[in-house]
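Student: The structure under discussion is supplied below as structure tokens; questions concerning it will follow.
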Amino acid sequence: MEKKIAVIGGGAAGYFAAIRAKELHPQCSVSILEASQKTLAKVRISGGGRCNVTNAGFDARRLSEFYPRGARELRGAFSRFAMEDTVEWFRKRGVPLKEEGDKRMFPVSNSSETVVRCLKEAASTAGVETLLNHKVIGLEQRGGVLVLSLRGKKDQRCDRVVFATGGIRSQAELFMNLGHTVVALAPSLFTFQITHPLLEGLSGVSFPRAVLTLMSSKDAQGKPYRMKRRGPLLITHWGVSGPAVIQLSAFAARELYRDNYSAVLRVQFDEALDHTQCIEALLALKQNHPKRLVRENPFSSYPKSLWEKVLSFCEIPERSRYAECSHKELKRVARCLTEVELPVSGKGVFKEEFVTCGGISLAEIDFRTMKSKILPSISFAGEVLDIDGITGGFNFQAAWTTGYIAGDNIIN
Ligand SMILES: Cc1cc2nc3c(=O)[nH]c(=O)nc-3n(C[C@H](O)[C@H](O)[C@H](O)COP(=O)(O)OP(=O)(O)OC[C@H]3O[C@@H](n4cnc5c(N)ncnc54)[C@H](O)[C@@H]3O)c2cc1C
């Protein structure tokens, strides 16, 4: 019997769900109902206009490193549709992907427009109908049928619904009315605002192997936390950015939101030199080269700008020689380079990628089918769920995977 399938939301997850459902069940009518005037808006702007489609470093055993929320639930889902399947899906439809040095995967064309066009063509070839300016504001089950309420339009009846509406924001009530729990929302993937004399004038300086520890500040509200990440750190005009910072923002998204983005960031500028090693190296310089000017003879591979800044911050006079520096002063310098504590006072923008954490509670979803355990004729896919990944293609991968599985199981 022909069924009527409505996919709510024309983003990455919605397109994957609709295309898979229609390809599997050509006799069914499949429509994408999109609230705005255009579909795939986020795909278009993603990855700085290049769309970071997925990540080649994907490893099912290490999911918790990539997904602060949803790692456990996604394990089974990725055994059904994973990164390789995404690569193959796009390749078969004329969009080959390439891997970059950091394992992020982009279309060979370097243009998100290719991905948008591919998804639209696949939907239209399969026979998916796309309805723009169709904002769903409610859903009711009447008898065996689902009835969708639309803003300014007539109700629509259907047999199956996939919600792929992205970050929930103002729509929590719609889902709560269906009996679902909406886990509180919070932004993820952002930079840190920090004002500290040590960072002044260092904007643009980067540290490829930093060790960062994010901790609750003294006036934090709830349970204290402490999270560590290694990786590139970039000093910006307003604070710090770079992969290690963005990852911390994802893993501590809830705590930072709770504490109004107030926290402490401990920085070791080079992972090769911890506090003890740094003091030993400075004392060795003092012993072996007492006549050398401290300012002109940094050790290790610290950028000159940081070294000079640290010496000024530690009030080491400009013409000091190593012999003139006390142990106490050198220890202070070492502390600054390896465990300086910077006050995080807010969040900044990370233009390449942004997601919200929170959404439909994962306990209420059957991840073998993406169906609601509360109302099995509806399914969920993409960012509407309480799933989010770190930057690098993991968020789209979650959308492709959950969208595909939702479409695959829509009639079962
Ligand atoms: C600037 C930016 C860059 C990004 N870059 C990347 C990247 O390179 N790689 C990566 O992995 N991730 C990236 N992301 C994250 C990624 O875009 C999201 O994870 C992904 O788009 C989620 O897909 P989705 O289909 O679940 O939701 P969305 O893409 O948000 O789509 C949801 C759609 O549903 C529609 N909608 C919402 N409510 C209703 C309603 N009630 N009725 C009808 N329609 C509705 C919306 O208008 C929207 O079109 C980026 C995000 C941003 C903001």
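The values are calculated or read from the model by the stated rules, or taken from the named source; none is laboratory data. None of the values given here were measured: they were computed from a predicted structure. With ideal geometry, Cβ positions are generated from the backbone for all residues, glycine too; neighbour counts draw on all protein chains shown.
Student: Which condition breaks for ALA21 when tested against (1) within 9 Å of the ligand (Cβ to nearest atom); (2) crowded, with 24+ Cβ neighbours inside 10 Å; (3) among the hydrophobic types (A, V, I, L, M, F, W, C); (4) not in a strand (DSSP E or B)?
Tutor: Result: ALA21 fails condition (1) only.
Student: Kindly evaluate GLU65 against the criterion of being of a type in the set (Asp, Glu), at negative phi, more than 9 Å from the ligand (Cβ to nearest atom) and not assigned by TED's automatic domain parsing to the domain that holds ALA244. Reasoning before the result, please.
Tutor: On the way: of a type in the set (Asp, Glu): yes; at negative phi: yes; more than 9 Å from the ligand (Cβ to nearest atom): yes; not assigned by TED's automatic domain parsing to the domain that holds ALA244: yes.
Answer is yes for this residue.
Student: Output the number of residues of the stretch 56-100 satisfying the condition of being within 27 Å of SER124 (Cα to Cα) and not acidic (Asp, Glu).
Tutor: Going through the stretch 56-100, the residues within 27 Å of SER124 (Cα to Cα) turn out to be 77-78, 80-98.
Imposing the further condition that a residue be not acidic (Asp, Glu) reduces the set to 77-78, 80-83, 86-87, 89-98.
Residues in the stretch 56-100 being within 27 Å of SER124 (Cα to Cα) and not acidic (Asp, Glu): 18 in total.
Student: Contact list please: Cβ distance under 7 Å, first residue in the stretch 76-100 and without any contact (Cβ under 8 Å) to a residue 12 or more places away in the chain and farther than 18 Å from ALA13 by Cβ, second residue crowded, with 16+ Cβ neighbours inside 10 Å and among the hydroxyl-bearing types (Ser, Thr, Tyr), pairs at least six apart or on different chains.
Tutor: none
Student: Pairs only if they're at least six apart or on different chains, beta carbon under 8 angstrom, first in the stretch 325-347 and touching a residue at least 60 places away in the same chain (Cβ under 8 Å), second crowded, with 19+ Cβ neighbours inside 10 Å and polar (S, T, N, Q); list them, first residue then second.
Tutor: LEU337/GLN268; THR338/GLN268; GLU339/GLN268; LYS347/THR191; LYS347/SER249
Student: When both residues are 6+ apart or on different chains and their Cβ atoms are under 9 Å apart, which pairs have a first residue that lies in the stretch 29-43 and is without any contact (Cβ under 8 Å) to a residue 60 or more places away in the chain, and a second that is surrounded by 20 or more Cβ atoms within 10 Å (Cβ to Cβ)?
Tutor: ALA41/GLY10; ALA41/GLY11
Student: List the number of the failed condition for ALA6; all other conditions in (1) within 14 Å of the ligand (Cβ to nearest atom); (2) outside any strand (DSSP E or B) hold.
Tutor: In the conditions (1) within 14 Å of the ligand (Cβ to nearest atom); (2) outside any strand (DSSP E or B), ALA6 misses (2) alone.
Student: If you don't mind, another one. Within the stretch 165-268, considering only strands (runs of 3 or more DSSP E) that don't extend past its boundaries, which have at least 2 residues that are in contact with a Cys (Cβ under 9 Å, 6 or more places away or on another chain) and either exposed (fewer than 15 other Cβ atoms within 10 Å of the Cβ) or of a type in the set (Gly, Ala, Ser) (or both)? Working first, answer last.
Tutor: Values: elements: 182-188, 191-194, 206-216, 226-235, 239-241, 263-268.
Those strands (runs of 3 or more DSSP E) span 182-188.
Student: A further question follows. Failed condition for GLY101, given (1) small (Gly, Ala, Ser); (2) surrounded by fewer than 16 Cβ atoms within 10 Å (Cβ to Cβ); (3) over 22 Å from the mean Cα position of the chain (by Cα), with all others met?
Tutor: Just one mismatch for GLY101, condition (3).
Student: Still on this model: Being within 17 Å of VAL147 (Cα to Cα), assigned to a loop (DSSP other than H, G, I, E, B) and more than 8 Å from the ligand (Cβ to nearest atom) is the filter here, so list the residues in the stretch 29-58 that pass it.
Tutor: Correct list: empty.
Student: Evaluate the stretch 386-394: report whether one residue or more is aliphatic (A, V, I, L, M) and under 24 Å from ARG266 (Cα atoms). Walk me through how you get there before you give the answer.
Tutor: Residues of the stretch 386-394 aliphatic (A, V, I, L, M): 387, 390.
Now narrow it down to the ones that are under 24 Å from ARG266 (Cα atoms): 390.
Among the residues of the stretch 386-394, at least one is aliphatic (A, V, I, L, M) and under 24 Å from ARG266 (Cα atoms), which makes the answer yes.
Student: If you don't mind, there's one more thing I want to ask. Output yes when any residue across the stretch 346-368 is among the acidic types (Asp, Glu) and within 16 Å of the ligand (Cβ to nearest atom), and no when none is. So that I can check it myself, show each step before the final result.
Tutor: Our first condition is that a residue be among the acidic types (Asp, Glu); within the stretch 346-368, this holds for 352-353, 364, 366.
With within 16 Å of the ligand (Cβ to nearest atom) added as a condition, the list becomes 352-353.
Within the stretch 346-368 (the criterion being among the acidic types (Asp, Glu) and within 16 Å of the ligand (Cβ to nearest atom)), the answer is yes, since at least one residue qualifies.
Student: Tell me which residues, restricted to the stretch 368-408, are part of a loop (DSSP other than H, G, I, E, B), more than 19 Å from ALA184 (Cα to Cα) and of a type in the set (Val, Ile, Thr).
Tutor: Narrowing the stretch 368-408 to residues part of a loop (DSSP other than H, G, I, E, B): 368-370, 373-377, 381, 386-387, 389-393.
Within this subset, residues satisfying the condition of being more than 19 Å from ALA184 (Cα to Cα) are 368-370, 373-377, 391-393.
Correct list: THR369, ILE374, THR391.
Student: Which one of ILE387, ILE378, ILE374 is over 19 Å from ARG160 (Cβ atoms) and either charged (D, E, K, R) or not assigned by TED's automatic domain parsing to the domain that holds LEU248 (or both)?
Tutor: Values: ILE378 fails: over 19 Å from ARG160 (Cβ atoms); ILE374 fails: over 19 Å from ARG160 (Cβ atoms).
Going through ILE387, ILE378, ILE374 in turn, the sole match is ILE387.
Student: Okay, moving on. How about the stretch 274-298: which of its residues are assigned to a loop (DSSP other than H, G, I, E, B) and more than 23 Å from THR213 (Cβ to Cβ)?
Tutor: Of the residues in the stretch 274-298, the ones assigned to a loop (DSSP other than H, G, I, E, B) are 274, 289-292, 294-298.
Within the stretch 274-298, HIS289, PRO290, LYS291, ARG292, VAL294, ARG295, GLU296, ASN297, PRO298 meet the criteria.
Student: Can you pull out the strands (runs of 3 or more DSSP E) entirely within the stretch 110-160 that have at least 1 residues that are under 27 Å from the mean Cα position of the chain (by Cα)? Quick ask: steps written out before the conclusion?
Tutor: Values: elements: 129-131, 136-142, 145-150, 153-158.
Of the strands (runs of 3 or more DSSP E) lying wholly inside the stretch 110-160, those with at least 1 residues that are under 27 Å from the mean Cα position of the chain (by Cα) span 136-142.
Student: Being outside the structural domain of ASP388 (by TED's automatic domain parsing), in contact with a strand residue (DSSP E or B) (Cβ under 8 Å, 6 or more places away or on another chain) and at pLDDT below 95 narrows it down to one of PRO290, PRO298, PRO317, PRO232, so name that one.
Tutor: Values: PRO298 fails: in contact with a strand residue (DSSP E or B) (Cβ under 8 Å, 6 or more places away or on another chain); PRO317 fails: in contact with a strand residue (DSSP E or B) (Cβ under 8 Å, 6 or more places away or on another chain); PRO232 fails: at pLDDT below 95.
One residue alone meets the criteria, PRO290.
Student: Could you list all residues from the stretch 144-164 that are surrounded by fewer than 19 Cβ atoms within 10 Å (Cβ to Cβ), of a type in the set (Gly, Ala, Ser) and at pLDDT 95 or above?
Tutor: Once the filter is applied, which keeps residues that are surrounded by fewer than 19 Cβ atoms within 10 Å (Cβ to Cβ), of a type in the set (Gly, Ala, Ser) and at pLDDT 95 or above, the stretch 144-164 yields SER149, GLY152.
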